[in-house]
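The values are calculated or read from the model by the stated rules, or taken from the named source; none is laboratory data. Model, not experiment: these values are computed from the prediction. Methodologically, a virtual Cβ is constructed for each residue, glycine included, from the backbone with ideal geometry; neighbour enumeration extends over all protein chains shown. Side chains included, ligands, DNA and RNA excluded: accessible areas come from the protein's heavy atoms. Shrake-Rupley method; radii C 1.70, N 1.55, O 1.52, S 1.80 Å.
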Amino acid sequence: MPELTLDRITRHFKNKIAVDNVSLTLREGIYGFLGANGAGKTTLLRMICGVMKPSTGEIRCNGIEIGRLDGDYRYLLGYLPQDFGYYPDFTARRYLEYLAACKAVPKDLAREKVQEMLALTGLGGDQHCKIRTFSGGMLRRLGIAQALLNDPEILILDEPTAGLDPRERIRFRNIISSLSKGRIIILSTHIVSDVEFIADKILLMKQGRIIQQGTVSEVTGSITGRVWEYLAKPEEAIRLNDIFAVSNLKNEGETVRLRLVSDTCPCEGAVPADPGLEDVYLYHFEEVSEHVDNLEG
């Protein structure tokens, strides 16, 4: 079973630091990387895949630097980039057979693995259809299938549910959850629901740094006392929404129920609420008020 060690990884692009001194140890399980667009997630994943080298620092697999492992390391990897390449006039089956050959999957196993992956991702009935006819959800499932052809011990998924509808997103989560035994799975996203129910560990990334990590309960517990619920009149709700980070807003007859994220009580009558992962996301990636405004004004 693999162990990945990221030792003080930094990546510069001219005058910009995309990844800033990241150190992590990853073992079996699902790791959900959460962060806004531009946080450095994709750059970090590309370095873990060996597609890009760190400016400083070292990535090791089972104690050996991944550059020294070369092809042995690539064989451990399955990678679904945010935009993966495909041949639109290939059928799904032909595409997977071609990639199995590229990944050096033995011929006697390739056909079996292709059929297994088509079945796993629900594409068995579409295996003879040309890829250009596929919906966005089918393309993402095909991407998962190609990433799993070599039965990787390290599976890396970059924004895997971008553009998917809720049904496809749920299907995707179920597939990933079923694959977690004996693997390191790294799932990078800015969609909280993608990781809230399946990740063993959440890592929050902001401006190239890992600013917090832990289980869902540990991460949500870190902002206990900073999430509030308040029942407001519509005009007051508009003002509160302009001032505070609001994670939920629901009309209830003549009033509006607000869920607000704030270091201090946002207004008289607001009551503390149990934090969720969306609240954590807002707390770290939106401007959160640190003072009480005179809202009666």
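Observations on the structure shown:
- For the chain, the dipole from Cβ point charges (+1 on Lys and Arg, -1 on Asp and Glu) about the Cα centre works out to 1540 debye, to the nearest 20.
- Distance between the C-alpha centres of region 187-240 and region 112-178: 28 Å, rounded to the whole angstrom.
- Exposure rank, largest accessible area first [216, 51; 1.4 Å]: 51, 216
- Expressed to the nearest 5 percent, the antiparallel share of DSSP beta bridges inside the chain is 65 percent.
- Residue 103 accessible area, assembled protein chains, probe 1.4 Å, Å²: 50 Å²
- The chain, relative contact order [Cα under 8 Å, separation at least 6], %: 20 percent
- Extension gain for residue 82 to residue 222 (0.36 nm times residue separation, less C-alpha to C-alpha distance): 47.4 nm.
- Accessible surface, region 1-117, averaged per residue in Å² (probe 1.4 Å): 54 Å²
- Ordering 170, 175 by accessible surface, largest first, gives 170, 175; the 1.4 Å probe counts only protein heavy atoms, with every chain in place.
- Anisotropy class of region 45-87 from Cα gyration tensor, a/c 1.5 cut: oblate
- Rounded to 10°, Cα long-axis angle of helix 166-178 versus longest principal axis of the chain: 60 degrees
- Rolling a 1.4 angstrom probe over the chain with all protein chains present gives an accessible area of which 47% lies on carbon and sulfur atoms.
- Region 216-278: GluC sites (Glu not before Pro) in DSSP loop, at most 14 other beta carbons within 10 Å: 254, 268
- Kirkwood Rh and Cα Rg combined as Rg over Rh, evaluated for region 1-109: 1.01
- Probe 1.4 Å, accessible area per residue of region 172-297, Å²: 51 Å²
- Accessible-area value, residue 86, 1.4 Å probe, nucleic acids and ligands omitted, Å²: 90 Å²
- Listed residue pairs exceeding 22 Å between alpha carbons, taken from 103/201; 181/201; 41/113; 53/107; 14/206; 53/206: 103/201; 41/113; 53/107
- When the surface is traced with a 1.4 Å probe over the full set of protein chains, residue 16 keeps roughly 120 Å² accessible.
- Gyration tensor (Cα) of the chain, equivalent ellipsoid semi-axes in angstrom: 40, 24, 15
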